[in-house]
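The values are calculated or read from the model by the stated rules, or taken from the named source; none is laboratory data. Everything quoted here is computed from the prediction, not taken from an experiment. Using ideal geometry, Cβ is built from the backbone for each residue, glycine included, and neighbour counts are taken over all protein chains shown.
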Amino acid sequence: MKIAIAADHGGYPLKASIIKCLENAGHEVLDLGAHEYDSTDDYPDFARYVGQAIQHKQAARGIILCGSGVGASVAANKLKAVRAGLCHDVYSAHQGVEHDDINVLCMGARAIGEALACEIVAAFTNAQFTGEQRHLRRCEKVNALEDAQ
């Protein structure tokens with residue numbers, strides 16, 4: 001699977017480890033930055049990069065890292081066709097895909113360590129949307145909220 005990844009300065013320390021985990025699992029990685037540490041960069045820019053990669057079908061899924069993961073999630077969810085979930089545990093990562101059809105994983109590098117982050121990424125990338133009627137109905141309602149704006 002092709003995965004777009006980006007991180008601001010807060011998420012930057014975790015990004016290289018996540019890329020390694022993805023590549024070791026056989027995924028193709030689209031690294032959208034930051035490519036060097038810059039304490040003045042802003043998470044909405046990196047959320048936009050990953051979101052646009054999803055919108056333009058340059059990647060099947062995305063991962064955005066910031067300090068807490070919260071800002072990345074808020075910003076990513078402003079983009080049409082992006083369903084971002086903030087996940088700091090394995091259950092939420094796979095359940096978010098299976099039930100909510102999330103296509104972007106947000107994590108906080110200041111909230112979790114490398115080992116747990118790689119487990120979460122594996123849960124996210126290995127999960128598939130179930131397509132069950134109740135989940136389809138709920139996703140359609142979420143899409144209607146997005147379209148109502």
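If you check HIS99 against the conditions, is it under 17 Å from VAL142 (Cα atoms) and in contact with a helix residue (DSSP H, G or I) (Cβ under 8 Å, 6 or more places away or on another chain)? I'd like the intermediate steps shown before the answer.
Values: under 17 Å from VAL142 (Cα atoms): yes; in contact with a helix residue (DSSP H, G or I) (Cβ under 8 Å, 6 or more places away or on another chain): yes.
The answer is yes for HIS99.
Only residues that are surrounded by 13 or more Cβ atoms within 10 Å (Cβ to Cβ) and among the small types (Gly, Ala, Ser) were counted across the stretch 119-149, and they come to 3.
Confirm whether HIS88 is out of contact with any Asp or Glu (no Cβ under 9 Å at 6 or more places or on another chain) and surrounded by fewer than 16 Cβ atoms within 10 Å (Cβ to Cβ). Quick ask: steps written out before the conclusion?
Details: out of contact with any Asp or Glu (no Cβ under 9 Å at 6 or more places or on another chain): yes; surrounded by fewer than 16 Cβ atoms within 10 Å (Cβ to Cβ): no.
Judged against the criteria, HIS88 is not a match.
Among the criteria (1) surrounded by 15 or more Cβ atoms within 10 Å (Cβ to Cβ); (2) at pLDDT below 95, the one CYS66 does not fulfil is (2). Among the residues making up the stretch 99-119, those that are touching a strand residue (DSSP E or B) at 6+ places or on another chain (Cβ under 8 Å) and in contact (Cβ under 8 Å) with a residue 24 or more places away in the chain are ASP100, ASN103, VAL104, LEU105, CYS106, MET107, GLY108, ALA109, ALA117. Restricting attention to the stretch 120-146, the residues that are in contact (Cβ under 8 Å) with a residue 60 or more places away in the chain and of a type outside the set (Asp, Glu) add up to 4. For HIS9, the conditions (1) in contact with a Ser or Thr (Cβ under 9 Å, 6 or more places away or on another chain); (2) assigned to a loop (DSSP other than H, G, I, E, B); (3) within 14 Å of VAL121 (Cβ to Cβ) all hold with the exception of (3).
Picking from GLY10, GLY96, which residue would you name as being free of Cβ contacts under 8 Å to residues at least 60 places away in the same chain and either surrounded by 17 or more Cβ atoms within 10 Å (Cβ to Cβ) or among the polar types (S, T, N, Q) (or both)?
Values: GLY10 fails: free of Cβ contacts under 8 Å to residues at least 60 places away in the same chain.
After applying the criteria, what remains is GLY96.
Scanning the stretch 116-131 turns up at least one residue that is at pLDDT below 95 and over 11 Å from the mean Cα position of the chain (by Cα).
Could you identify the single residue in ALA34, ALA4 that is on the phi < 0 side of the Ramachandran plot, in contact with a Phe, Trp or Tyr (Cβ under 9 Å, 6 or more places away or on another chain) and free of Cβ contacts under 8 Å to residues at least 40 places away in the same chain?
Unique residue meeting the criteria: ALA34.
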